[in-house]
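Student: Handing you this structure, nothing more for now.
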Amino acid sequence: MLNTGIEKQPQRSAREAVDVTDIFCDFDGTITRVDATDAVLEAFALPAWQGWEQRWVNGEITSQECLARQVELIQADRETLAAFAANLPIDEGILDLDQRCKERGVSLTIVSDGLDFIVEKILHRHGLLHLPVFSNHLWWDAQGRLALSFPFATQECRSGAGTCKCVMTRTTGPSSARTVYIGDGQSDQCVSGKMQTVFAKGTLRKWCERTGIPCIPFETLAEVVDRLFVKEARIA
């Protein structure tokens, strides 16, 4: 509780904050205001990328296969992609969330089933490169063609994700009431079912509501900050 410097009866909060030690946050559509991977594909990939996307949404192929096929369709060089990524809009609340976490010794980790090159360029522009990131690795071969590898994939991942968020969150922090997950989409579903505290928006929120997974709805990361680090005055 806040120390007001006034000796009174024990006080309580009008709204309790979440007791948190570790926060794991999705990237595309959560830290960015648009899905960064989709934005790249829409701008630079051949139209066939949409067919692969639909097959993944339908559950016909894994996330790994979908992303690998889509990356092969991107027609852009490194410099073009870097400049495009750096200009993608972010939810400015991530800056406050990062600051609050540093002040309180809370671990903040990004777990993304997107492209590390894109994530890095966005974080660099906003002074957030210090945040640990688990994501798929985008690289160029000797002929200058794009390719994708999955350093954080696991055989045990039931959804075939490029980055197994369940394992990444279990590796770096306990799945307990003091561990928070923040996400917005399909790649966040499996891990959300294993977390006691989930902030959800977009299709993840709809999925949680449909399947009975408890979640705290949000639209901006400022709302998450307000809930995790309550600033309201205490009442008697």
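Student: At a threshold of 8 angstrom on Cα-Cα distance, excluding pairs fewer than six apart, so keeping six or more, what relative contact order does the chain reach in percent?
Tutor: Taking the mean separation of contacting Cα pairs over the length of the chain, I get 27 percent.
Student: Give me the dipole magnitude in Debye, nearest 20, for the chain about the Cα centre, with unit charges on the beta carbon: positive for Lys and Arg, negative for Asp and Glu.
Tutor: It comes to approximately 760 debye.
Student: Right, something else. When you take every Cα atom in segment 103-236, what is the radius of gyration, and what is Dmax, the widest Cα pair distance, in Å?
Tutor: My reading of the Cα-based Rg and Dmax gives 16.6, 69 Å.
Student: Now, a different point. When mean projected area of the Cα convex hull in nm² is calculated directly from the model, which label among (i) 14.1; (ii) 13.1; (iii) 24.9 fits?
Tutor: Checking each listed value against the structure points to (i).
Student: How many nm separate the modelled label positions at His126 and Ala76, each set 7 Å beyond the Cα in the direction of the Cβ?
Tutor: About 1.7 nm separates the two model spin labels.
Student: Can you give the convex hull volume of the alpha carbon atoms of segment 16-92 per residue, in Å³?
Tutor: Cα-based convex hull of segment 16-92, divided per residue, equals 139 Å³.
Student: A further question on this structure: Per 0.36 nm of contour for each residue apart, how much would the distance between Asp96 and Ala222 grow if the chain were fully extended, relative to their Cα-Cα spacing?
Tutor: Answer, rounded to one decimal: 44.6 nm.
Student: What is the Cα convex hull volume of segment 96-163 when expressed per residue in Å³?
Tutor: Hull volume over Cα atoms, normalised by residue count, gives 110 Å³.
Student: To continue, here is another question. Excluding same-chain residues fewer than 8 positions from Lys206, which aspartates and glutamates have a Cα within less than 14 Å of its Cα?
Tutor: Of all the aspartates and glutamates, those that pass the test against Lys206 - Cα under 14 Å, at least 8 places apart if same chain - are Asp184, Asp188, Glu219.
Student: Beyond 22 Å, what percent of the Cα pairs of segment 18-142 remain?
Tutor: Value for segment 18-142 (Cα pairs over 22 Å): 38 percent.
Taken together, the values in this text are just the output of simple stated rules run on the coordinates, not laboratory data. Keep in mind the model is a prediction, meaning the values are calculated, not measured. Quick reminder, even Gly has a Cβ in these numbers, built from the backbone with ideal geometry, and neighbours come from all protein chains shown.
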